[in-house]
Structures are given as C-alpha cells and as structure tokens.
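Since every read-out is calculated from the coordinates, none of them should be taken as a lab result. Note that the structure is predicted; figures quoted are calculated from it, not measured. We place every Cβ from the backbone using ideal geometry, glycine too, and count neighbours over all the protein chains shown.
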Amino acid sequence: MTSGAKLITFHKTLAGCEAGNPESWRAFLGDYTPVVFQLVDVYLPLLREGRARLGEETLLALAANNFERLRSFDHQAEREFLADLRSFLLERGATKLEPAEDITRAPKPAPDTVDALLQGLPLIHQEILFLKLAGYSDGTLEKMLRITPAIAQRGLERLQADYSAVLKKDRDACLWPAAWLELLAHARSAKSADCPPLRHFVRILDGQTSWYEKEPIEKHVGLCLHCLERWTALRELIYWRRGVERLPETEVNALVSRLSLRAQAKKEKPFLKRVWGA
Ligand SMILES: [Zn+2]
C-alpha cells in the first residue's frame, strides 16, 4: 500500500470508529492492540498478567462519552495518533503502579540525573541511553535505531557507573516502571514555545527533510527532554507498528463485543444505535 493509500485507510478507520462502526473497530483493534500490548510489556511489566485488562480498560475509556477521548487525539496521521494513544496508555498505567516495586539496586532515574547523563551527547547516543533506561534490550535497540552493537555500546558508556543494572538485559522490560513513567510525565509536561510540532519529527524519521531543515530540529531535541521523549516515542512506535502481527480475529471479536456490552451497561445509546441500528 502506498503512503497516500495508508493515510486514507487510517482516516477512514478513525472516522468509522468515531461513528461506532464495528468493522472500523475491528480494523483499529486488530492493528493497534498488539502495539498497546508491546508498550505494556516494556513500561508496565509488572502488569504482564493483566495487560489484556489494561488494554480493555484503555479501549473503553477511549470509547466513553461518545468517543470523546478518541476524538481528542491527533488525527493528522497514524504516527501522531499513536503517540497520543501511547501517552494516554502510559498515564493510565502509571496510576496502577507501586513505586515500592521498582528495583532498588540502582538510583531511580529522575529528571535531573537523566539530564546530567544526556548532557553533551550526540542525539543518537541520547536516544540509546534514554531507551535503555526505559527498559529496552541491546538487541531491540540495535534493530529499532538501526545501529551496530559498537555504536550501541558507545551510547551506553555513561550508564556503567550507576546504572549497570540496565546493561546486558535480554528482555524488553523497565526496571523502575513507577519512576520512569513519572519521568516521562514530567518530560511531557515540560513543553516550551521552541518545541517543534511532532509532524517535523515524523518527516525527519521518514527521511523527508533536507539537512538544512533537520539540523536545528535535531539540535533542539538533543537539548530538550520534552522533545527527546516524543522523538524516542516515535522511534518505538514505528518499530512496534512494523514489527508486530495483527491481533487474531477471535481476540479482536472478543474486544469488540466487550466494547458494546460495556457500552450497553453504561447506557451509551448513541454507540449502541450505531452498532445495532436500533
Ligand atoms: Zn522541545
């Protein structure tokens, strides 16, 4: 499918979801639930047993009040939309974590310590370091950022002293979910007037910009925790969206039916009317 056709499909699916069309919800859930599950595995590993439940809760929250939350997300294109979905999921997930369950054999990453670790590094090394603290294994990082093991290791040098716990992991899972999600929330709230729109990041990551255009933006990202958070979020969303299989139809159908059943329980008539033509 061309990128233009993909964009049309994305807009049609979203419009259908907001109109309560079950076919659109099937397409939506089939494509995006596996991405949600991957994010839960990385950022909320202690909920691993309950990821289906968090996925379902998130879905119901998107659909509540005539899809109010879904409508509030960026509709420009799929990546921007997924970035909003990711923030929404992580904000909800953060409320379910116990800080006491974070590991204690390393200092918890806080904004000032992470800023100090990132200071002065080239952007690629900042990405490696940030995503490593988030919980990614070397193998996943190398594929996600398309880098060699040697470059990955150079990006990790500053972690040797205090954060060796995150090095040499072979599973993608955060070691301090509560502290990290708090840090991400801090980064998301630290937006300044100089922060470029997400669309510019998407264009750079798609190779659609000249060096002239991208140089000042990449420089800003290297100095701004808010933008580094959004930039690395796009990196992981692009990676997971491409890398995961569609959700099996039986699971899609189960989710769609739960959506309507819950909606019925809450008497969300506009949705039911559209689903059942009642
Ligand atoms: Zn910024």
Listed residues 126, 160, 38, most fluctuating in the chain (Gaussian network, C-alpha, under 10 Å): 160
Value of Rg to Rh for the chain (Rh from inverse mean 1/r over Cα pairs, i.e. Kirkwood): 0.98
The chain, relative contact order [Cα under 8 Å, separation at least 6], %: 29 percent
Helix axis angle, 177-189 relative to the chain longest principal axis, alpha carbon, degrees: 90 degrees
Links that overshoot a 30 Å alpha carbon limit, given the list 168/214; 6/96; 6/214; 6/168: 168/214; 6/96; 6/168
The chain: angle of helix 123-134 to the longest principal axis, Cα-based, in degrees nearest 10: 60 degrees
Helix 78-94 axis, angle to the chain major axis (alpha carbon atoms, nearest 10°): 80 degrees
Loop-located trypsin sites (Lys or Arg not before Pro) in the stretch 58-132 whose Cβ has at most 11 other Cβ within 10 Å (DSSP): 105
Cβ charges +1 (Lys, Arg) and -1 (Asp, Glu), total dipole of the stretch 79-142, debye: 100 debye
Shape box of the stretch 106-149 [Cα atoms, principal axes, largest first, Å]: 29, 22, 12
Cysteines without a disulfide-compatible neighbour (Cβ-Cβ under 4.7 Å), the chain: 17, 174, 195
Residue among 131, 107, 89 farthest towards the positive dipole end of the stretch 66-188, charges placed on Cβ: 131
Reach of residue 108 by Cα under 15 Å, taken over aspartates and glutamates that are not fewer than 8 positions away in the same chain: 98, 162, 182
Footprinting exposure proxy for 8, 124 (fewest neighbouring C-beta atoms within 10 Å first): 8, 124
For residue 26, net neighbour charge (Lys/Arg +1, Asp/Glu -1) across residues whose Cβ lies under 12 Å away: -3
